[in-house]
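To start, the structure itself, in structure tokens.
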Amino acid sequence: MRLYLAPLEGITGWIYRSAVYECFGGFDKYFVPFIRPNQMGHFSAREKKDILPAHNAGMRTVPQILTNQAEDFLRTAAKLKEYGYEEVNLNLGCPSKTVVTKRRGAGFLAEPERLEVFLDEIFGKCPIRISVKTRLGMEEPGEFTRLLKLYNKYPMEELIIHPRVQKDFYKNTPRLEMFEIALEESRNPLCYNGDINSVSDADRLQERFPQTDAIMMGRGVLTDPSLARQIKGGRRADKEELRRFHDLLYSGYCEEMSGDRTILYKMKELWFYLADIFADSKKYAKKIKKAEKCAVYEKIVEEMFRECELKER
């Protein structure tokens, strides 16, 4: 089973990916949160730091591009090749309204004729391999029937399917019946993405679809960063490993960012998910949420790791 870390905007940047890799491993690919090509044709400061080879040492890293303009995609892919990348991922799955209203991400799925012209051009000219991350459509799962026929026209490195429509966002249950259709009819290698939050979730998916050999995980890893290692037969993280993971993240953000408020915003985002792995963590999570100074935050975290045990699983 191949396991991939999903690209989560604002969360799984290079500091987070590096900490997961160093502390727990288990992933075969690490996807970079989407690059949004700009009119100047340059990477932003954040994007450049995310793709620098030095920040991705030892990891098989795949940058993701969010655009509906073939020229922008091809220009960005060519620049990524110069950095040494051999694969790029096209984002056709982001459900954010600010993205969708510009007909990017999942919003591009609403225009299959225009999407076909776009895919014709990028698959005809791209200097590196292309994988695609998609949803089932905008409104109804049945939209995927037409999309899958379209995808079958192109030699994708992989088709990563999140079996929800855009209007689902991350609610409702993934439409596994549509993933089953894809397994039967896709001409491209497939990867499943959606609601894999535990080893048992991965086991159930593999039991239902034994031919599935690749899974992408996102939010489940934020709650338990050792999840990939566990799925591959390794042990669950202990408190010492989680403390090391936290400290790597915290020191990384302190080095890269300025101001307590900015640093704590990143750490509060982490604890929104990670606190759930600890028993009796609610009062500490509340304190972290209210913290306004790094010195105060550090004392709360110290107390939490000392007083709280991990939940039984």
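Name the single residue that is nearest to LEU90 (Cα to Cα) among those in the range 139-159 being surrounded by fewer than 21 Cβ atoms within 10 Å (Cβ to Cβ) and acidic (Asp, Glu).
GLU157
Report the residue count in the range 180-213 for those that are of a type in the set (Gly, Ala, Ser), within 22 Å of GLY233 (Cβ to Cβ) and in a helix (DSSP H, G or I).
2
Any residue in the range 174-187 that is buried (at least 20 other Cβ atoms within 10 Å of the Cβ) and more than 15 Å from LEU136 (Cβ to Cβ)?
no
Within the range 90-100, how many residues turn out to be aliphatic (A, V, I, L, M) and assigned to a helix (DSSP H, G or I)?
Of the residues in the range 90-100, 2 are aliphatic (A, V, I, L, M) and assigned to a helix (DSSP H, G or I).
This table checks each residue for (1) modelled with pLDDT under 95; (2) touching a Phe, Trp or Tyr at 6+ places or on another chain (Cβ under 9 Å); (3) surrounded by 17 or more Cβ atoms within 10 Å (Cβ to Cβ).
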site	(1), (2), (3)
ARG114	no, yes, no
VAL117	no, no, no
ILE130	no, yes, yes
THR134	no, yes, yes
GLY137	no, yes, yes
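Considering only helices (runs of 4 or more DSSP H) fully contained in the range 234-313, which possess at least 1 residues that are among the acidic types (Asp, Glu) and in contact (Cβ under 8 Å) with a residue 12 or more places away in the chain?
239-256, 260-274, 294-307
Go through (1) farther than 27 Å from CYS94 by Cβ; (2) of a type outside the set (Asp, Glu); (3) over 20 Å from the mean Cα position of the chain (by Cα) one by one and return the number of the condition HIS246 breaks.
HIS246 satisfies all of (1) farther than 27 Å from CYS94 by Cβ; (2) of a type outside the set (Asp, Glu); (3) over 20 Å from the mean Cα position of the chain (by Cα) except (3).
Look at the range 169-205 and say how many of its residues are at pLDDT 95 or above and over 17 Å from the mean Cα position of the chain (by Cα).
Summing the residues that are at pLDDT 95 or above and over 17 Å from the mean Cα position of the chain (by Cα) in the range 169-205 gives 21.
Tell me, which residue of the range 221-264 that is in contact with a Cys (Cβ under 7 Å, 6 or more places away or on another chain) and more than 24 Å from TYR4 (Cα to Cα) is surrounded by the fewest Cβ atoms within 10 Å (Cβ to Cβ)?
ASP260
Quick check on the range 104-125. Is at least one of its residues outside any loop (DSSP other than H, G, I, E, B), of a type in the set (D, E, K, R) and closer than 30 Å to LEU249 by Cβ?
no
The values are calculated or read from the model by the stated rules, or taken from the named source; none is laboratory data. For clarity, every value in this text was computed on a predicted model and none was experimentally measured. Please note: Cβ atoms are built from the backbone with ideal geometry, for glycine as well, and neighbour counts cover all protein chains shown.
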